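Asker: Let me give you the structure first, and then I'll get to my questions.
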Amino acid sequence: MRPVHQLLALLVVVLWGVNFVFIDFGLRDWPPLLLVAARFTMVVIPAILFVRFPRGSLGRILLIGVFMSAGQFGLLYTSLFLGLPVGLSSIILQIQAAFTVVVAALALRETPTRRQVIGILIGLTGLAVIGLSLEASTPVAAFVVCLAAALSWAIGNVIARGVKPGISGLQMTVWSGLVVPVPMLGLSLLIDGPAEVARAVLHPTWGVLASVVYTAGVASLIGYAIWNSLLARFPASQVAPFTLLVPPVGVGAAWLVLGDRPTVPELIGGGLLILGVAVTTGALRTVARGIGRMVLRRGERPRHRTVVAREHPETAGAGAESELGAGASGRNGQEIAR
């Protein structure tokens, strides 16, 4: 990946990390499920006119919407509404990677690798540290509901494996969103009551409007559009590890904007959880290999130029040709990797 593409990946990481703060803005004035309904209404209504219909996989994509969209975000918003700290939620939600391996083992009879088992154990250890260190102001119910959101996301991940090749994440985001607004609105009417829903709809605040516009337009549509363009150009192994930076951005944004300062045990548990996710997904190995290649390249090229300049000045032209050849080889390698 070139620096410009790395910057685009980091931009998406920031957009998704800050997303948790904007969710909190909306939850200050609206019930959680009504806010989810509004978010996905804005995702679906304009985008469905421009995003291609995923032929042949609509049924499965709608099922993905039940778990990955309605289930995940309905439960996540509810956990925040119940009092789970914003930054902590961005960390806990990442246990979905370990849950995905477990769900795949149960539903698809896939046998986890030794690396995945080790990663799951590390992640669960971090999760236990977080759970045991919850402050008195954080309800246990909110923690459990966030875990349920991660499990719903994991089930959606497993269902998504059956989607036909060529269907992008943006298509799944938009078309799976069709199943979200009506059920979420219905549940909000049932749980919060018609009077509360009517009051909220008739009196939207700036915080609610900012939450809906950002989470739907920026985090979902713009974020996934950039992310899918990167996945189309580069292997997932080069792009996916950037998602490990979302929780640190979420924690930092919550700290700076909301004053949501994490405790030391939460940071330790969060670090273990993210490490477990990195091991489970193979991202840790991918990052280590990438760093190793960078170190080798930086260590080899200066030595090559020194030999040409000092020992064989008369062959400077040949040396330049050799350097060009090495560069071409590197580019070809990148093209093959794509």
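The values are calculated or read from the model by the stated rules, or taken from the named source; none is laboratory data. A quick note: this is a predicted structure, and the numbers were derived from the prediction, not measured. Don't worry about glycine lacking a Cβ; one is built from the backbone with ideal geometry, like all the others, and counts go over all protein chains shown. Calculation scope for accessible area: heavy atoms of the full protein, side chains included, ligands and nucleic acids excluded. Shrake-Rupley method; radii C 1.70, N 1.55, O 1.52, S 1.80 Å.
Residues are listed down the side, and each one gets a yes or a no for (1) touching a Phe, Trp or Tyr at 6+ places or on another chain (Cβ under 6 Å); (2) within 27 Å of L34 (Cα to Cα):
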position: T125; (1), (2): no, no
position: E135; (1), (2): no, no
position: T138; (1), (2): no, yes
position: A149; (1), (2): no, yes
position: I155; (1), (2): yes, yes
position: R161; (1), (2): no, no
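Asker: While we're looking at this one, here's another question. Could you tell me whether any residue of the range 31-54 is among the basic types (K, R) and farther than 19 Å from L221 by Cβ? Before the answer, list the steps.
Answerer: Here is the first cut: in the range 31-54, the residues among the basic types (K, R) are 39, 52.
Pick out the ones that are also farther than 19 Å from L221 by Cβ and you get none.
No: the range 31-54 contains no residue that is among the basic types (K, R) and farther than 19 Å from L221 by Cβ.
Asker: Restricting the search to the range 1-55, which residues are open to solvent by 60 Å² or more (accessible area, probe 1.4 Å) and at pLDDT below 90?
Answerer: Once the filter is applied, which keeps residues that are open to solvent by 60 Å² or more (accessible area, probe 1.4 Å) and at pLDDT below 90, the range 1-55 yields R2, P3, V4, Q6, I45, L49, F50, R52, F53, R55.
Asker: If you don't mind, another one. Residues that are under 25 Å from M184 (Cα atoms): which helices (runs of 4 or more DSSP H) entirely in the range 72-158 hold 2 or more of them? Can you show your working first?
Answerer: Working: elements: 72-81, 86-92, 96-107, 114-132.
In the range 72-158, the matching helices (runs of 4 or more DSSP H) lie at 72-81, 86-92, 96-107.
Asker: Hey, among P247, P262, which residue is under 17 Å from L84 (Cβ atoms) and in contact with a Gly (Cβ under 6 Å, 6 or more places away or on another chain)? Write out each step before concluding.
Answerer: Details: P247 fails: in contact with a Gly (Cβ under 6 Å, 6 or more places away or on another chain).
Going through P247, P262 in turn, just one is under 17 Å from L84 (Cβ atoms) and in contact with a Gly (Cβ under 6 Å, 6 or more places away or on another chain): P262.
Asker: Exactly one of these conditions fails for L93: (1) modelled with pLDDT of 90 or more; (2) under 30 Å from A198 (Cβ atoms). Give me its number.
Answerer: Single failed check for L93: (2).
Asker: May I pose another question? Specify the residue that is nearest to L8 (Cα to Cα); the eligible residues are those in the range 244-279 that are within 13 Å of the chain's Cα centre (by Cα) and open to solvent by 50 Å² or more (accessible area, probe 1.4 Å).
Answerer: L245
Asker: Tell me, yes or no, whether the range 235-256 has at least one residue that is at pLDDT below 85 and among the hydroxyl-bearing types (S, T, Y).
Answerer: Pass one, the range 235-256, residues at pLDDT below 85: 235-244.
Applying the additional criterion that residues be among the hydroxyl-bearing types (S, T, Y) yields 237, 243.
Among the residues of the range 235-256, at least one is at pLDDT below 85 and among the hydroxyl-bearing types (S, T, Y), which makes the answer yes.
Asker: For the condition open to solvent by 20 Å² or more (accessible area, probe 1.4 Å) and hydroxyl-bearing (S, T, Y), what is the one hit in S229, S211?
Answerer: Values: S211 fails: open to solvent by 20 Å² or more (accessible area, probe 1.4 Å).
Result: S229 is the single residue among S229, S211 that is open to solvent by 20 Å² or more (accessible area, probe 1.4 Å) and hydroxyl-bearing (S, T, Y).
Asker: Something else about it: Identify, please: which residue in the range 190-200 is part of a helix (DSSP H, G or I) and without any contact (Cβ under 8 Å) to a residue 12 or more places away in the chain and is, among those, most open to solvent (accessible area, probe 1.4 Å)?
Answerer: L190
Asker: Report yes if some residue within the range 174-189 is surrounded by fewer than 17 Cβ atoms within 10 Å (Cβ to Cβ) and more than 21 Å from L75 (Cβ to Cβ); otherwise report no.
Answerer: No, because not a single residue in the range 174-189 is surrounded by fewer than 17 Cβ atoms within 10 Å (Cβ to Cβ) and more than 21 Å from L75 (Cβ to Cβ).
Asker: A further question follows. Please verify whether S90 is under 19 Å from C146 (Cα atoms), open to solvent by less than 40 Å² (accessible area, probe 1.4 Å) and in contact with a Phe, Trp or Tyr (Cβ under 8 Å, 6 or more places away or on another chain), treating the condition exactly as stated. Spell out the reasoning first.
Answerer: Details: under 19 Å from C146 (Cα atoms): yes; open to solvent by less than 40 Å² (accessible area, probe 1.4 Å): yes; in contact with a Phe, Trp or Tyr (Cβ under 8 Å, 6 or more places away or on another chain): yes.
So S90 passes the test.
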